[in-house]
Amino acid sequence: MNLDLSALNNAPRLLIEAELQPLQGTRFQPAGFPEIGAAQYEGPDGTPMLLVESAQSMANRMEEVCWDKVADDWVQPLKGLSVVKVLDKNGKSLTNSVLEAHRLNSEYIARTEAFKPIKDAINHQDDRPFSIRDQLAPVLLRFDINSLIHGIFLEKIAGVIRLPRALSGFIEASKVGVASSGGVKKGIEPGKKGGEGNVIFPRDEFVSPDIRGYFNIDLAQFRGYGFSDRVYQLLVALALYKIRAFLETGLRLRTACDLECKNIVVKRPSGYSLPALSELKTALPGLIDVAKKDAGFEVTKITYRK
């Protein structure tokens, strides 16, 4: 099955909004941040706003829906894509470049001898200009295609080797109200001091009539990599898959924050309709098969030793 992406030909960005709501009840728990807790703020018109999920967290969540942790491989529609797998000295899986927070720059990857072929392929030289298009993008495509979408900073090689996210997202709620409650941490000795007895604590959740997820695919960045049209189409389809799969299977953000998608709207470009998840699942194996002739996808296995 072919995906029709012609409506995106002249668009610099693909902007998507998803209307969300709690799966059960009305309350939800947003992300918490050190020292400030929930990120509450006023919108430009004074509307009480709340950051439900940050761009950093969303990037990681849109990777999780791509990986089958039981099989330790890409989910079925994405099999064949490049990835670096990290094993311990006994051959047991430790992690991989899809799920690692810093991708190829992870301590589990960049600090190993097996990283040398990747570093050599990038071929950074201190006395020469560095080209993302000619040196970095082709190597990421070959070894870790996900980094072309998620972004990467290979500071363990050089500070100039970095890519911004080509796919980003966040969730925010407006007109929010606080739902205050509480709880108790029960210890073995209820009367004991020092936090080991019964500790009563406050708890804040939130309600909102308008929770929205926002997604931005930088099509211009994809084009700037200079790949063939086959690879470009695969990158767009993979980014779309991440969004669709997250909205359908990844919205249980926390125990007290389980959401569902009510509606999806493409804001730009006008006239484009987002493919269904079933369409993307059908199309992606063929797109991968065609693109691998240009990409040379590799599955690299690295043994990590302390």
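Laid out as a table, the results:
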{"quantity": "Residue satisfying condition, being assigned to a strand (DSSP E or B) and in contact (Cβ under 8 Å) with a residue 12 or more places away in the chain, within set Leu81, Leu140, Leu94", "calculated": "Leu94"}
{"quantity": "Residue list for segment 273-306, restricted to those being more than 20 Å from Phe246 (Cβ to Cβ) and part of a loop (DSSP other than H, G, I, E, B)", "calculated": "Gly296, Phe297, Glu298, Tyr304, Arg305, Lys306"}
{"quantity": "Long-range neighbours under 6 Å by Cβ, at least six apart or interchain, first residue farther than 14 Å from Lys119 by Cα within segment 149-163, second surrounded by 14 or more Cβ atoms within 10 Å (Cβ to Cβ) and small (Gly, Ala, Ser)", "calculated": "Ile149/Ala166; Ile149/Ala239; His150/Ala59; Leu163/Gly151"}
{"quantity": "Test: residue in segment 202-221 that is of a type in the set (Val, Ile, Thr), buried (at least 19 other Cβ atoms within 10 Å of the Cβ), in a helix (DSSP H, G or I) and at negative phi", "calculated": "no"}
{"quantity": "Residue that is surrounded by the fewest Cβ atoms within 10 Å (Cβ to Cβ) [pool: residues in segment 121-162 that are closer than 30 Å to Leu20 by Cα and hydrophobic (A, V, I, L, M, F, W, C)]", "calculated": "Ile152"}
{"quantity": "Selection count where residues are surrounded by 14 or more Cβ atoms within 10 Å (Cβ to Cβ) and not charged (D, E, K, R), scope segment 257-285", "calculated": "15"}
{"quantity": "Options Gly91, Gly46, Gly80; residue that is loosely packed, with under 12 Cβ neighbours inside 10 Å and modelled with pLDDT of 95 or more", "calculated": "Gly46"}
{"quantity": "Count of residues meeting criterion [outside any helix (DSSP H, G or I), in contact with a strand residue (DSSP E or B) (Cβ under 6 Å, 6 or more places away or on another chain) and surrounded by 15 or more Cβ atoms within 10 Å (Cβ to Cβ)] in segment 226-252", "calculated": "1"}
{"quantity": "Every pair of residues 6+ apart whose Cβ atoms lie under 8 Å, when the first sits in segment 282-306 and is over 27 Å from Gly91 (Cα atoms) while the second is β-branched (Val, Ile, Thr) and assigned to a loop (DSSP other than H, G, I, E, B)", "calculated": "Ala295/Ile145"}
{"quantity": "Filtered residues of segment 227-262 (kept if of a type in the set (D, E, K, R) and within 14 Å of the chain's Cα centre (by Cα))", "calculated": "Lys242, Arg244"}
{"quantity": "Pick from segment 94-115, criterion within 25 Å of Phe227 (Cα to Cα) and either touching a Gly at 6+ places or on another chain (Cβ under 7 Å) or among the polar types (S, T, N, Q) (or both), ranking: surrounded by the fewest Cβ atoms within 10 Å (Cβ to Cβ)", "calculated": "Asn105"}
{"quantity": "Residues located in segment 105-122, provided they are touching a helix residue (DSSP H, G or I) at 6+ places or on another chain (Cβ under 6 Å) and either farther than 26 Å from Asp218 by Cα or in contact (Cβ under 8 Å) with a residue 24 or more places away in the chain (or both)", "calculated": "Ile109, Phe115, Ile118, Ile122"}
{"quantity": "Meets criteria (among the hydrophobic types (A, V, I, L, M, F, W, C), crowded, with 19+ Cβ neighbours inside 10 Å, touching a Ser or Thr at 6+ places or on another chain (Cβ under 7 Å) and modelled with pLDDT under 95) for Ile118", "calculated": "no"}
{"quantity": "In segment 251-275, the residues that are over 15 Å from Ile211 (Cβ atoms) and either of a type outside the set (Gly, Ala, Ser) or modelled with pLDDT of 95 or more (or both)", "calculated": "Thr255, Val266, Lys267, Arg268, Pro269, Tyr272, Leu274, Pro275"}
{"quantity": "Condition met for Asp127 (more than 17 Å from Thr300 (Cβ to Cβ) and not in a strand (DSSP E or B))", "calculated": "yes"}
{"quantity": "Qualifying residue in segment 30-38 (condition: touching a Pro at 6+ places or on another chain (Cβ under 6 Å) and either at pLDDT below 95 or crowded, with 16+ Cβ neighbours inside 10 Å (or both))", "calculated": "yes"}
{"quantity": "Within segment 58-73, considering residues that are surrounded by 12 or more Cβ atoms within 10 Å (Cβ to Cβ) and free of Cβ contacts under 8 Å to residues at least 40 places away in the same chain, the one nearest to the chain's Cα centre (by Cα)", "calculated": "Trp67"}
{"quantity": "Lone qualifier among Leu99, Leu51, Leu15 - being within 26 Å of Ala256 (Cβ to Cβ), in contact (Cβ under 8 Å) with a residue 12 or more places away in the chain and not in a loop (DSSP other than H, G, I, E, B)", "calculated": "Leu51"}
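The values are calculated or read from the model by the stated rules, or taken from the named source; none is laboratory data. This structure is a prediction, so every number in the text was calculated from the model and none was measured. Cβ coordinates were reconstructed from backbone atoms using ideal geometry, including for glycine residues, and neighbour counts include every protein chain displayed.
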